[in-house]
């Protein structure tokens, strides 16, 4: 197999839908997006774990840790995708619907804010008004985040041969 790479380190720039967004010796969308999805799935697992722990002993530090990183990680990912990845795909695929994925990001960020607030309450050992509703909210967010990653992966990764 030919392992010749271009100046961006890519072996398949001709068949890549986002090769125009690559920066020599810098960010590569195929790698960045794959890592962002791994991070988001890790956050979903952490939130789900906290939801499960509400029935028993809660790791308050874990709640505070997830609360402090959730929105910044998701917003950083969204900003990169919307400013770099999506614009690179538009010229190659006129049917690419940026608005659908951007709306998905807005919904995800709105839910993440609600979850962050809830995790702060739990992390500070404040009384939950409704522990069952809190658990349902955390699980629903984890499910929505996984669904978001799946949707993006199905739409974006096929046009990135090295992802």
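The values are calculated or read from the model by the stated rules, or taken from the named source; none is laboratory data. Predicted, not measured: the structure shown is a model, and the values here were computed from it. We place every Cβ from the backbone using ideal geometry, glycine too, and count neighbours over all the protein chains shown.
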Practice item. Report yes if some residue within the stretch 85-100 is surrounded by fewer than 12 Cβ atoms within 10 Å (Cβ to Cβ), modelled with pLDDT under 95 and under 22 Å from residue 138 (Cβ atoms); otherwise report no. Key: no
Check your understanding: Is at least one residue of the stretch 120-137 surrounded by fewer than 17 Cβ atoms within 10 Å (Cβ to Cβ), at positive phi and not in a helix (DSSP H, G or I)?
Key -> yes
